[in-house]
Amino acid sequence: MSTIDETLKANEGYSQTFRSGQLAMPPARKLAVVACMDARLTIEAMLGLKTGDAHIIRNAGGLITEDALRSLIISHYLLGTQEFMIINHTDCGMLTFKDAELQEKLQQATHTSAVNPAAFHAFSNPEKNVREQMQKVTSHPWVPKTIPVRGFIYDVKTGQLTEVSS
Ligand SMILES: [Zn+2]
C-alpha cells in the first residue's frame, strides 16, 4: 500500500468521528502563520492552536515569497487576521545547499534548464533570514502598519520557540 493509500484509509476513520463541520471560514484567533514545511514542525501543537484558529502558510524555509504575501493579504483583508507570525527553525534543510549548486545539479540530472523556480532561496543564517522575511511583510504597501509581524526560530531538539528581534 502506498503512503497516499494509507492516508486515505486513515481519513475514513477521521471522518467517522469528525466534529468540526460547523467552523466559520475566518480564523477564530485572527492569526496567520508563515512557517517552514519541515516535517518536524507541528504548527498547531507547538502554538496551542485548534482547527479553525489560524491560517498556516507553509513552504520550504518559511519564506515570504510572492505567494506567501498573496496569502497574507487575502488572510487579512478577506478573512480578518490581525497578527502575523513567521517561523523558521534549527537544522533547516535550506541551510544545507546553495542555489547555484542545486540549479546546476538539476540541469545536469535533467539535461535541461527551467525558467521557474527562478530561485530556491537557500540561506545560511536563520535569524538573519527571519529578519529579512519580517521586513518583506512590514515594508509591503498593502500590509497595514497596525499588524504586528513577529518572527521566531523553533528548536527542533527542544520544541521551544525563540523570538527574533526585528
Ligand atoms: Zn526548514
If Lys157, Lys128 are ordered by their accessible area, calculated over protein heavy atoms with a 1.4 Å probe, which sequence runs from highest to lowest? Lys157, Lys128
Long-range HN-HN contacts of Val34 with modeled amide H, under 5 Å: Ile57, Met85, Ile86, Ile87
At 0.692 mPa s and 37 °C, plugging the Kirkwood radius over alpha-carbon pairs of the stretch 1-144 into Stokes-Einstein gives what diffusion coefficient in µm²/s? 187 µm²/s
Under 14 Å from the Cβ of Gln135, count the other residues' Cβ atoms, weight Lys and Arg +1, Asp and Glu -1, and hand me the total. +3
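Express the carbon and sulfur contribution to the solvent-accessible surface of the chain as a percent, rounded to the nearest whole number, probe 1.4 angstrom. Don't skip to the end; give the middle numbers.
On the way: 5900 of 10780 Å².
The computed percentage sits at 55.
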List nothing, just return the count: lysine pairs in the chain, 8 or more apart or interchain, with Cα separation under 29 Å. 18
Quick check on the stretch 1-75: take the gyration tensor over C-alpha atoms, sort the square-rooted eigenvalues as a ≥ b ≥ c, and tell me if it's rounded (a/c under 1.5), prolate or oblate. oblate
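So what's the back-of-envelope 222 nm ellipticity for the chain, counting only DSSP H runs of four-plus at -39500 (n - 2.57) apiece and dividing by all residues, rounded to 500?
Numbers: 5 runs with 56 residues, N = 166.
Calculated from helices alone, the mean residue ellipticity at 222 nm is -10500 deg cm²/dmol.
Find the accessible area per residue for the chain; the probe is 1.4 Å, ligands and nucleic acids are left out, and the unit is Å². Walk me through the numbers before you get to the answer.
Working: 10780 Å² over 166 residues.
Roughly 65 Å² per residue, with all protein chains present.
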The alpha-carbon pair-distance distribution computed for the stretch 107-147, with 5 angstrom bins and whole-percent values, is 5, 17, 15, 16, 15, 13, 10, 5, 3, 1
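For the stretch 60-166, which semi-axes, largest first and in whole Å, follow from the square roots of 5 times the eigenvalues of its Cα gyration tensor? Kindly include the intermediate steps, with their values, before the conclusion.
On the way: eigenvalues 156, 75, 22 Å².
Over the Cα atoms of the stretch 60-166, the ellipsoid semi-axes are 28, 19, 11 Å.
The values are calculated or read from the model by the stated rules, or taken from the named source; none is laboratory data. Keep in mind the model is a prediction, meaning the values are calculated, not measured. Note that each Cβ is placed from the backbone with ideal geometry, even for glycine, and that neighbours are counted across all protein chains shown. The protein model used for the area step is the full one, side chains on, heavy atoms only, and it has no ligands, DNA or RNA in it. Shrake-Rupley method; radii C 1.70, N 1.55, O 1.52, S 1.80 Å.
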